[in-house]
Amino acid sequence: MPRLIVGPFNRVEGDLEVRLDIADGRVRSAEVCAPMYRGFEQILLGRPAGDALVIVPRICGICSVSQSVAATRALADLAGVQPPPNGLLATNLMLACENLADHLTHFYLFFMPDFTREVYATRPWFVEARRRFAALSPEGCGEHHRLATAARARWFTLMGLLGGKWPHTGSLEAGGSARAIDAAERLRLLARVREFRGFLERTLFGAPLEAVAALSSLADLARWRAERPTGTDAGAGDLRFFLDLADDLGLARLGPGPGLWISHGAYPQPDGTRAIGGGVWRAGASATAALDLSRITEDVTRAWLAADGEPARHPARGLTLPDADKPGAYSWNKAPRLGGEVAETGALARQLADGQPLLRELVAREGSGVLARVLARLMELARVVPLMEGWLKAIRPGEPFCRPAPLPAEGQGRGLTEAARGALGHWIALQGGRIRHWQIIAPTSWNFSPRDASGRPGALEQALEDAPVHPGETTPVAVQHIVRSFDPCMVCTVH
């Protein structure tokens, strides 16, 4: 059986290598390798707890706010402190700004340019795809590629008012946000959010955000698509174009996941609820189950990390001990599992756990492939921008944004959040006022994990099985679509 090694991947955050065993023009098995080691969990040990708020955001320059939020929540848990309402809303705004920028970047800069490759030159939509999404061509970048890049740049000016800068925003604290927002700044922020809304409604959706967010069934989606004869029409929006393209290529059934999804829930509100609910969703289930954090383990059987007598540990007791010559290992990524099962996380997991009916019906009928993952991210753009407008209106200038959060010398805590790519958790312990333990499970750790002690492939490894490989392909385009639908952030994975 021939083996094909694919990598490094372009338009991916960090180093990634995928090894494919191929037979009869199909992937029969895959190994996903994270070939780089960074060691942030060791860098943190022995330092004062406050140092983490400077170090942790630098795990990644794309999702630095997500790492900060998880770290501050872990410290808040240890201190027994809750941020005031203004601090909670400001944190949500910063996290949403980063997450939505990530969704936009993924669609326009990472995912859609693959459909402008010459392999698709005979498709009826190819010329229009190049006009909109080409990353590099003799004519230059695609029109919508340029528009999205400009919209992203202006969108990130929110961070200047909310947190001072991006990436590695420094205003997030265990007690809330250290940067208060006054009445004039709130109006400027609201204007910027509405400007972003305008780009989404004109270019991405060709419709009001609320109309897209309200789509609750495949029949609704079909009626909405039929309002324009074809996605290539002026004003039809890039979502309709993507759906036409996905139908033509069968993206709904390409790269199905393991059938188990997890989410910590996103954007906690002052009343104790979450704007997007969390939990566990299983294929064929009738309801979302609670996520039992005690059932999470990280297996290092196939990772270049020492087991120290126990290959699978809960992150509260986890170890990160490099063993670069370990027999049978093939990745620096650990293998997170939920009760021993492989789970997928990300925007699709959030929407399924929260009960979004369109995506639940799509997954039930067509499977959890490339189409479902990308559509979930776009639906999240439509859902969260209006939430941000509401959070800005709810801020009360002049009231506290942060409260003191003195840390004990000893204790344990955990911080959970949702990055753009999915469930992110930090488990920490202090001893003598210094960091004794800090373990992180990033979203890509879940999705790009290697095999575990029982030989179960990770979520991406499973999704790649049966992917087509055409004669002469050295970097199979179907493999790239599947990998990008998960949108890896490898530098977070090898923290």
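The values are calculated or read from the model by the stated rules, or taken from the named source; none is laboratory data. Fair warning: this is a prediction, and the values are worked out from it, not measured in the lab. For neighbour counting, all protein chains shown are included, and Cβ atoms are generated from backbone atoms with ideal geometry for every residue, glycine included.
A compact table of results
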item	result
Test result for residue 45, at pLDDT 95 or above and within 21 Å of residue 193 (Cβ to Cβ)	no
Residues (under 13 Å from the mean Cα position of the chain (by Cα) and either closer than 22 Å to residue 254 by Cα or surrounded by fewer than 24 Cβ atoms within 10 Å (Cβ to Cβ) (or both)) located in the stretch 442-462	443, 444, 445, 446, 447, 448
Test: residue in the stretch 129-148 that is modelled with pLDDT of 95 or more, within 20 Å of the chain's Cα centre (by Cα) and either closer than 30 Å to residue 271 by Cβ or assigned to a helix (DSSP H, G or I) (or both)	yes
Helices (runs of 4 or more DSSP H) (entirely within the stretch 52-116) containing at least 3 residues that are touching a Ser or Thr at 6+ places or on another chain (Cβ under 9 Å) and crowded, with 23+ Cβ neighbours inside 10 Å	64-79, 85-105
Residue in the stretch 403-424 that is more than 30 Å from residue 43 (Cβ to Cβ) and either of a type outside the set (A, V, I, L, M, F, W, C) or in a loop (DSSP other than H, G, I, E, B) (or both) present	no
Breaking point among (1) within 20 Å of the chain's Cα centre (by Cα); (2) in contact (Cβ under 8 Å) with a residue 60 or more places away in the chain; (3) not in a loop (DSSP other than H, G, I, E, B), for residue 169	(3)
Criterion: small (Gly, Ala, Ser) and under 22 Å from the mean Cα position of the chain (by Cα) - qualifying residue of 87, 7	7
Members of the stretch 262-296 found to be surrounded by 21 or more Cβ atoms within 10 Å (Cβ to Cβ) and under 15 Å from residue 362 (Cα atoms), listed by number	281
Tally, over the stretch 13-48, of residues that are buried (at least 18 other Cβ atoms within 10 Å of the Cβ), among the aliphatic types (A, V, I, L, M) and touching a residue at least 40 places away in the same chain (Cβ under 8 Å)	9
Flag if residue 453 is part of a loop (DSSP other than H, G, I, E, B) and among the hydrophobic types (A, V, I, L, M, F, W, C)	yes
When residues of the stretch 342-365 are limited to those that are more than 19 Å from residue 489 (Cβ to Cβ), part of a helix (DSSP H, G or I) and among the small types (Gly, Ala, Ser), the one farthest from the chain's Cα centre (by Cα)	364
Residues being assigned to a helix (DSSP H, G or I) and out of contact with any Phe, Trp or Tyr (no Cβ under 7 Å at 6 or more places or on another chain) - total across the stretch 436-450	4
Residue within the stretch 232-241 that is surrounded by 13 or more Cβ atoms within 10 Å (Cβ to Cβ), of a type in the set (Lys, Arg), over 28 Å from residue 341 (Cβ atoms) and modelled with pLDDT of 95 or more present	yes
Single unsatisfied condition, residue 183 versus (1) at pLDDT 95 or above; (2) over 22 Å from the mean Cα position of the chain (by Cα); (3) crowded, with 16+ Cβ neighbours inside 10 Å	(3)
